[in-house]
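Colleague: Please find one structure pasted underneath; my questions will follow.
The values are calculated or read from the model by the stated rules, or taken from the named source; none is laboratory data. If you're wondering where the values come from, they're calculated on a predicted model, not measured in any experiment. Cβ: placed from backbone, ideal geometry, glycine included. Neighbour counts: every protein chain shown. Just the protein is used for accessible areas: all its heavy atoms, side chains included, with ligands, DNA and RNA removed. Shrake-Rupley method; radii C 1.70, N 1.55, O 1.52, S 1.80 Å.
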Amino acid sequence: MTDVMDTRTETRRRRKAERPHEILEAAFAEFSRNGYAVTTLDQIAERAGVTKGTIYVYFDNKEHLFISMVRELMKVTLDTVQEMFDRHEGSTADLLRAQFSFIYQHIVEDRRRREVVRMLIAEAPRFPALADCYHEEIHRPCVELLKQAIQRGVDRGEIRRSAVTECPLVIIAPIALVDVWMMMFDDRYPLDLKTYFDAHLDLVLNGLLAKPA
């Protein structure tokens, strides 16, 4: 009898630990289907199989839930790119190649992340706080990771200071173009992402490095 009770207790604990992730998955499904403005916490709760009150146990409000959903989508990728920097012992060119390759595989080609970007573009005029949170939680950390890699190259004499190093946004601008292109044209004019990636990386390295890559 004790073993059965222990098993039930462990099952309840596991289900409770999984609940925030289940709510975030339900939130993504509802936000993607209806948009941020129309989606309600009641709809998300119903899809997640919980009460609306349960959502408030983990998230303050709808905005907090949305940003937490975005953070969950990006956290592993950002942590991995940081770890690549921390562990890298070779040239900065090789570091940038590795980081950009990972970013293309896990961010650029991620349809779920692109759906979030689509929602933000659509909703930002009415809900600027969402865009501000995205900037602070996702966009700014991405730029800081890039600045970190660039500074490493400058310190090692591998990257020359230029207008590009002072404005690293131009380095990642092609990723924004991919998002827009795939949202608008992918079904009719699909991009060759391998060729696009090679061109983007060539542009980055030859725009930054003291010697051509």
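Colleague: On the protein heavy atoms, probe 1.4 angstrom, tell me the percent of accessible surface of the chain carried by carbon and sulfur.
Modeller: On the chain, the fraction of accessible area on carbon and sulfur atoms equals 55 percent.
Colleague: Roughly speaking, what is the stretch gain from N34 to D187, that is 0.36 nm per residue apart minus the C-alpha to C-alpha distance, in nm to one decimal?
Modeller: Length gained, N34 through D187: 52.9 nm.
Colleague: Pop a pseudo-label 7 angstrom from the Cα along the beta-carbon direction at both L177 and K147 and give the gap in nm to one decimal.
Modeller: 2.5 nm
Colleague: What FRET efficiency would be calculated for the residue pair V154, E109, taking the C-beta separation as r and a Förster radius of 25 Å, to the nearest 0.05?
Modeller: 0.25
Colleague: With unit charges on the beta carbon (Lys/Arg positive, Asp/Glu negative), name the residue among A176, Y56, A122 whose Cα is farthest towards the positive pole of the charge dipole of the chain.
Modeller: Checked the options; the winner is Y56.
Colleague: Now for a separate question. Determine the per residue accessible area of the chain with all protein chains present and a 1.4 angstrom probe, expressed in square angstrom.
Modeller: 58 Å²
Colleague: So, one more: Efficiency by 1/(1 + (r/R0)^6): what FRET value for R161 and A98, r their Cβ-Cβ distance, R0 = 30 Å, to the nearest 0.05?
Modeller: Once the sixth-power term is evaluated, E becomes 0.85.
Colleague: Also, I was wondering about something else. Have a look at the chain and give its Rg and Dmax from the Cα atoms, expressed in angstrom.
Modeller: When restricted to the Cα atoms of the chain, Rg and Dmax are 20.9, 73 Å.
Colleague: Efficiency by 1/(1 + (r/R0)^6): what FRET value for K75 and R118, r their Cβ-Cβ distance, R0 = 22 Å, to the nearest 0.05?
Modeller: Efficiency computed from Cβ-Cβ geometry: 0.60.
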